[in-house]
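Take a look at the structure below.
Derivation of every value follows stated rules applied to the coordinates shown; laboratory data play no part. This structure is a prediction, so every number in the text was calculated from the model and none was measured. In this analysis, Cβ positions are derived from the backbone assuming ideal geometry, glycine residues included, and neighbour counts consider all displayed protein chains.
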Amino acid sequence: MAKITEEMKEVIAKTRGFAVATATKDGDPHVVPVAFGKVLSEDEILLVEVFMKKTIENIKANPRVAVSVWDMESLKGYEFKGDARIETSGKVFDDSVKMVQSMMPQLNAKSAVIVKVDSIFVRSPGPDAGKQVR
C-alpha cells in the first residue's frame, strides 16, 4: 500500500489544481484539470466531478488513473497512481457537494471520484524526479 505522507498532504492542500489522467479501454489518453479535491485518507484522494464527462466515461471503462499535484512556491510535486471508483451518494459524495457549494455556489457536484493510491512518484525538479517513493 502506498501511503500519502504529511509532506504530500501539504502539497495537495496548496495545489491550485489537479491534473487527472485517464485512458479509454483501448488506451487513448485523456488529461483534464480538476479544481476540487483533497486527501481522504493515507491512501485515498478525492476528486469532485463537476465537468468531467469524458473522464467519468474512461473510469467506467478503465479505472486506472494518475493524479499529479504541485506547489509552485516550493517546486514540490507528486504523481499518485491507482484505481478510481465513482460514488453518487453517501457521506463522501455529500461532503463533495458541500465542498463545491462552499467554494463556487453556482456549480454542482455530480459525483465523488475516489482514487485508491497504489504508487507515488516524485514530480519535483531535480535528481529524484520520476523516482517511485511508495
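Determine the sum of side-chain charges near Gly130: Lys and Arg each +1, Asp and Glu each -1, restricted to other residues whose C-beta is under 15 angstrom from that of Gly130.
Numbers: positive: Lys76, Lys81, Arg123, Lys131, Arg134; negative: Glu79, Asp128.
With Lys, Arg at +1 and Asp, Glu at -1, the net is +3.
Within the same chain, lysines fewer than 8 places from Lys53 are excluded, and of the rest, those with a Cα less than 21 Å from its Cα are Lys25, Lys38, Lys81, Lys98, Lys110, Lys116.
Taking a ≥ b ≥ c as the square roots of the eigenvalues of the alpha carbon gyration tensor, segment 1-116 is rounded, as a/c is under 1.5.
Angle of helix 91-103 to the longest C-alpha principal axis of the chain, folded into 0 to 90 degrees and rounded to 10: 90°. In the chain, once you exclude exposed GluC sites (Glu not before Pro) (DSSP loop, at most 14 other Cβ within 10 angstrom), what's the longest stretch remaining? Here the longest run is 74-134. Summing charges over all other residues whose Cβ lies under 9 Å from the Cβ of Val11, with Lys and Arg as +1 and Asp and Glu as -1, gives 0.
Given +1 on the Cβ of Lys and Arg, -1 on the Cβ of Asp and Glu, and no further charges, what dipole in debye does the chain carry about its Cα centre, rounded to the nearest 20?
Numbers: 20 positive and 19 negative charges, 45 e Å.
The dipole of the chain has a size of about 220 debye.
Once fully extended, how much extra length lies between Val50 and Leu75, figured as 0.36 nm per residue of separation less the alpha-carbon to alpha-carbon distance? Intermediate values should be presented prior to the final figure.
Values: separation 25, 0.36 × 25 = 9.00 nm, distance 2.77 nm.
The span from Val50 to Leu75 would gain 6.2 nm if fully extended.
Given the Cα-Cα distance of Gln132 and Gln106 and 0.36 nm per residue of separation, how much length would full extension add, in nm? Full extension of this stretch gives 5.5 nm more.
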